[in-house]
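The block underneath contains the structure these notes are about, expressed in structure tokens.
The values are calculated or read from the model by the stated rules, or taken from the named source; none is laboratory data. Note that the structure is predicted; figures quoted are calculated from it, not measured. Neighbour counts are summed over all protein chains in view; Cβ atoms, including those assigned to glycine, are modelled from backbone coordinates with ideal geometry. With ligands, DNA and RNA removed, areas are computed over all heavy atoms of the protein, side chains included. Shrake-Rupley method; radii C 1.70, N 1.55, O 1.52, S 1.80 Å.
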Amino acid sequence: MSTMVLMINLTSSSVAFAAPTTFNVVDLGAKGDGRTDSTRAFLGHGNRVAPPLLPPLSMCRKDDTSSTRSYLPGSAKVVLPLKLMALLLLLRIIAFLGLRQIFHIVIHDCKNVKLQQVQVTASGNSPNTDGIHVQGSTDVTITQANIKTGDDCISIGPGTTNLWMENINCGPGHGISIGSLGKAANEQGVQNVTVKTATFSGSQNGVRIKTWARPSTGYVKGVLFEDIIINNARNPIIIDQDYCPHNEGCPGQVSGVKISDVVYRNIRGSSGSQVAMKFDCSPKTPCSGIVLNNVDLTYGSKSASSSCINADGSAFGLVHPSSCLAA
């Protein structure tokens, strides 16, 4: 099965779009052999593609019998053969006619995608500018990513399985977030997610799982956060199942998303708030199988603390602040 590897550098900017155009990136040199760097085919080769800064780009495979079609709202169209097996939505955060678009890179309804040496830069106070968003996809690998943004460095949506993230630098931003999940009553789950060797510097959160406070069939299970350094994040480790922005659509409700089998291993650093570990889980579907293994988080010259609501699990090795998980 073919896999495409992309190396991408995105910086938020403003740009005027050209008239709609259709490109076949294979004609421009893209290959789906799992080895060839096809970046130039996407960014343009010589004078064949203009402008060099691509406007928002969406690629979504429709079925297994026809070519992959890509849709670029108000801009261009790219056509890929199915053998690439990589369906990416590359969104530049732009200001255009007063409309703000969200996300820089979106991997949606994809299989076998590898992103390497990704660099995303946006202002730390720019809202909804997620660096990379993965949703409805399986067997995705993100490595050597340097992300500075005003929202999640990497966000993970429903239907994501077998996601591996390694050598990630995040900050500023809102950290790496599974969620928000559970906005829909019937929603796919998230399973088998690994974050390994990551550094968070000046981010709002470190590693976060976030769900809406409303009924849902969604779930999160089989997650590993390992070998992580956190520098002065407000919430270094957090599970928030009481997400209800602006108190609209969910006041008085509780999350139906079940969170289980989440491991935090070899995590150290400093917290920007006294509560360095917060597990605020649903009373309807309490968190279970939470594991803390060698976690050391400080809060300046003061004692850091942990907070647990409806959270069961265990702790091994050095754990500071002390675990509050129910056995």
Checklist entry - Has the stretch 312-323 got any residue that is under 26 Å from the mean Cα position of the chain (by Cα) and assigned to a strand (DSSP E or B)? => result yes
Checklist entry - From the residues in the stretch 215-245 that are in a strand (DSSP E or B) and open to solvent by 50 Å² or more (accessible area, probe 1.4 Å), which one is farthest from A276 (Cα to Cα)? => result Y219
Checklist entry - Taking the stated definitions as given, is G202 modelled with pLDDT under 95, open to solvent by 20 Å² or more (accessible area, probe 1.4 Å), over 20 Å from Q191 (Cα atoms) and over 20 Å from the mean Cα position of the chain (by Cα)? => result no
Item to check | Count of residues meeting criterion [more than 11 Å from the chain's Cα centre (by Cα) and either of a type in the set (D, E) or not in a loop (DSSP other than H, G, I, E, B) (or both)] in the stretch 171-198 | outcome: 9
Checklist entry - Residues in the stretch 269-292 that are in contact with an Asp or Glu (Cβ under 6 Å, 6 or more places away or on another chain) and either closer than 14 Å to F225 by Cβ or of a type in the set (G, A, S) (or both): how many? => result 2
Checklist entry - Pairs under 6 Å by beta carbon, first residue on the phi > 0 side of the Ramachandran plot in the stretch 175-193, partner of a type in the set (G, A, S) and not in a loop (DSSP other than H, G, I, E, B), six or more apart or different chains? => result G175/G206; N192/G222
Checklist outcome for this item: Taking the stretch 270-295 and keeping residues under 18 Å from G175 (Cβ atoms), in a strand (DSSP E or B) and open to solvent by 20 Å² or more (accessible area, probe 1.4 Å) leaves S270, V275, K278, D280
Item to check | Residue within the stretch 198-218 that is under 19 Å from C324 (Cβ atoms), free of Cβ contacts under 8 Å to residues at least 40 places away in the same chain and of a type in the set (S, T, N, Q) present | outcome: yes
Checklist outcome for this item: Filtering the stretch 259-268 down to residues that are open to solvent by less than 20 Å² (accessible area, probe 1.4 Å) and within 15 Å of N205 (Cα to Cα) yields Y264, I267
Next on the checklist: I need the full set of residues from the stretch 296-325 which are within 23 Å of G179 (Cβ to Cβ) and surrounded by fewer than 17 Cβ atoms within 10 Å (Cβ to Cβ), in order please.
Outcome noted: S307, I309, D312
Next on the checklist: Tell me the residue from V207, V262 that is within 17 Å of the chain's Cα centre (by Cα), within 22 Å of D151 (Cα to Cα) and not small (G, A, S), please.
Outcome noted: V207
